[in-house]
Amino acid sequence: MTCDGDDQLGDDMTPAPGTPAGAGPGDPAGPAGFDPSPAPPAGIDPAVRETVEQIVQAVRDGNDPAIRTLLAELAEVADATALLYLRERLYVPR
């Protein structure tokens, strides 16, 4: 099959995995239900939340020494909820 530039995409195209079925060109291509500004989980310690935010900023800045230091601090007090929150925050687009 060749494409001469005049071909149009048919309606039988399936959405990319993780993309909401109704996503269009202007819609986010993240997983369905993805909230670009997640709230911290209920009951998360404010100090843990602050450390998570500092890690996210250090990652975005590319500050490897700060990342190592902050991860060590988080490891001392983090539970599964805190680690999942960190993961969620790291995946939020800027």
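The values are calculated or read from the model by the stated rules, or taken from the named source; none is laboratory data. Predicted, not measured: the structure shown is a model, and the values here were computed from it. Neighbour counts are summed over all protein chains in view; Cβ atoms, including those assigned to glycine, are modelled from backbone coordinates with ideal geometry. The accessibility values were calculated without ligands, DNA or RNA, using every heavy atom of the protein model including side chains. Shrake-Rupley method; radii C 1.70, N 1.55, O 1.52, S 1.80 Å.
Taken over the range 33-45, the criterion of being at pLDDT 75 or above and either more than 14 Å from Ala78 (Cβ to Cβ) or touching a Gly at 6+ places or on another chain (Cβ under 8 Å) (or both) is satisfied by Ala42 alone.
Do you know which residues across the range 66-81 are at pLDDT below 95 and open to solvent by less than 50 Å² (accessible area, probe 1.4 Å)? Correct list: Ala78 only.
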